[in-house]
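Down below is the structure, laid out as structure tokens.
The values are calculated or read from the model by the stated rules, or taken from the named source; none is laboratory data. Computed from a predicted model, the values in this text were never measured in an experiment. Please note: Cβ atoms are built from the backbone with ideal geometry, for glycine as well, and neighbour counts cover all protein chains shown.
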Amino acid sequence: MEDECRPLDPLAAFRLDGKAALVTGAGSGIGRAAAQALAAVGARVVLADIDYSAAEAASVVIAGRGGQARPARLDVADERAVEQVFAGLAQEGGVDVLINSAGISIRRPALELALADWRRVQDVNVTGSFLCARAAARGMTRGGAIVNIASMLGFSGGLYPNISYQTSKGAVVNMTRALALEWADLGVRVNALAPGYIQTPFLKRATATPEGRAGIEKATPLGRLGRVDEVVGAILLLASPASSFMTGHTIVVDGGFLAR
């Protein structure tokens, strides 16, 4: 019987020394912060983004702090592009950690939402996460961790019309459960993070007016927007051995929004 009282080093459990990680949407916001955090705990990080210049700039910042990072251009909705990026990484030993952070939002009332816009949001947020997860899992022969960035809006209607985004993030939550069950035998853990209203460029439009920002702050029990540094702790937990017995779960970091 395994020793249930063996000594633990809780700090070491969050280290990713010698591990390779890929972060999508790494050019800004939560993706960029996640890449910086993974590099800080020892991972070699590929910062993938459709905006190569943003990924390159973020990589330079990480390298300047002593981390190991390089950029890659990637449209996660392009199956061929996804397969090419991961095939290249497979030649280098594969990926141990994937953070699916790429996402878009097209805010329109449902009665005014064009089908093309609906499809684009699903293509990036849902299909893109699936394509990257599938490609990563194929090469995780020694196990690995996949963290999908969902949203609290996958559980809530939110504060404004955003039907395509809300639907896509609900799909990401359940895709996380399904992949966790399917890949458990491979030693691949799949979890998700569901952020609330976090101060990133992604939220710029919603907070462009004092009224918009005030509405979000009023709806959040902690009374303010979150910061990206308040999200990365949960990402590190899910990406590291610290959560080695967790799979199929979604951690919500929302300032209490869903508790209402």
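Cβ-Cβ below 7 Å, separation at least six or inter-chain, first residue in segment 32-46 and closer than 13 Å to Arg65 by Cβ, second outside any helix (DSSP H, G or I) and of a type in the set (Asp, Glu): which pairs?
Gly42/Asp17
Yes or no, residue by residue, for (1) under 13 Å from the mean Cα position of the chain (by Cα); (2) within 13 Å of Val147 (Cβ to Cβ):
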position	(1), (2)
Ala192	yes, yes
Leu203	no, no
Arg213	no, no
Lys218	no, no
Val228	yes, no
Ser243	no, yes
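Filter segment 99-122 down to residues that are part of a loop (DSSP other than H, G, I, E, B) and touching a strand residue (DSSP E or B) at 6+ places or on another chain (Cβ under 8 Å) and give me whichever is surrounded by the fewest Cβ atoms within 10 Å (Cβ to Cβ).
Taking segment 99-122 and keeping what is part of a loop (DSSP other than H, G, I, E, B), we get 101-109, 113-114.
Still in the running and touching a strand residue (DSSP E or B) at 6+ places or on another chain (Cβ under 8 Å): 101-103.
Values: Ser101: 28, Ala102: 24, Gly103: 26.
Residue satisfying both the conditions and the ranking: Ala102.
Give me a count of the residues in segment 101-139 that are over 16 Å from Ala150 (Cβ atoms) and among the hydrophobic types (A, V, I, L, M, F, W, C).
Our first condition is that a residue be over 16 Å from Ala150 (Cβ atoms); within segment 101-139, this holds for 106-120, 123, 131, 134-139.
The next check asks that each one be among the hydrophobic types (A, V, I, L, M, F, W, C); those that pass are 106, 110-111, 113-116, 118, 131, 135-137.
Here the count works out to 12.
Quick check on my filter: what residues within segment 208-260 are basic (Lys, Arg) and outside any loop (DSSP other than H, G, I, E, B)?
Of the residues in segment 208-260, the ones basic (Lys, Arg) are 213, 218, 224, 227, 260.
Scanning segment 208-260 gives Arg213, Lys218.
If you check Ala184, Ala219, Ala214, which single one turns out to be of a type in the set (A, V, I, L, M), surrounded by fewer than 14 Cβ atoms within 10 Å (Cβ to Cβ) and modelled with pLDDT under 95? Steps first, please.
Numbers: Ala184 fails: modelled with pLDDT under 95; Ala219 fails: surrounded by fewer than 14 Cβ atoms within 10 Å (Cβ to Cβ).
Answer to the check: Ala214.
With the requirement that a residue be crowded, with 16+ Cβ neighbours inside 10 Å and either among the aromatic types (Phe, Trp, Tyr) or in contact with a Cys (Cβ under 6 Å, 6 or more places away or on another chain) (or both), what does segment 222-260 give you?
Passing the criteria: only Phe257.
If Ile149 passes every condition in (1) surrounded by 19 or more Cβ atoms within 10 Å (Cβ to Cβ); (2) touching an Asp or Glu at 6+ places or on another chain (Cβ under 7 Å); (3) of a type outside the set (Ser, Thr, Tyr); (4) within 27 Å of Ala208 (Cβ to Cβ) but one, which one does it miss?
Result: Ile149 fails condition (2) only.
Could you check segment 1-96 for helices (runs of 4 or more DSSP H) lying wholly inside it with 1 or more residues that are among the small types (Gly, Ala, Ser) and over 18 Å from the mean Cα position of the chain (by Cα)?
Because the criterion is at least 1 residues that are among the small types (Gly, Ala, Ser) and over 18 Å from the mean Cα position of the chain (by Cα), the helices (runs of 4 or more DSSP H) in segment 1-96 that meet it are 52-64, 79-90.
Condition first: within 23 Å of Ala35 (Cβ to Cβ), small (Gly, Ala, Ser) and either over 18 Å from the mean Cα position of the chain (by Cα) or in a strand (DSSP E or B) (or both). Can you find one or more residues in segment 151-169 that meet it?
No; the residues of segment 151-169 include none that is within 23 Å of Ala35 (Cβ to Cβ), small (Gly, Ala, Ser) and either over 18 Å from the mean Cα position of the chain (by Cα) or in a strand (DSSP E or B) (or both).
If you check Val124 against the conditions, is it within 21 Å of Glu83 (Cα to Cα) and within 12 Å of the chain's Cα centre (by Cα)? Let's see the steps before the verdict.
Details: within 21 Å of Glu83 (Cα to Cα): yes; within 12 Å of the chain's Cα centre (by Cα): no.
Against the criterion (within 21 Å of Glu83 (Cα to Cα) and within 12 Å of the chain's Cα centre (by Cα)), Val124 does not qualify.
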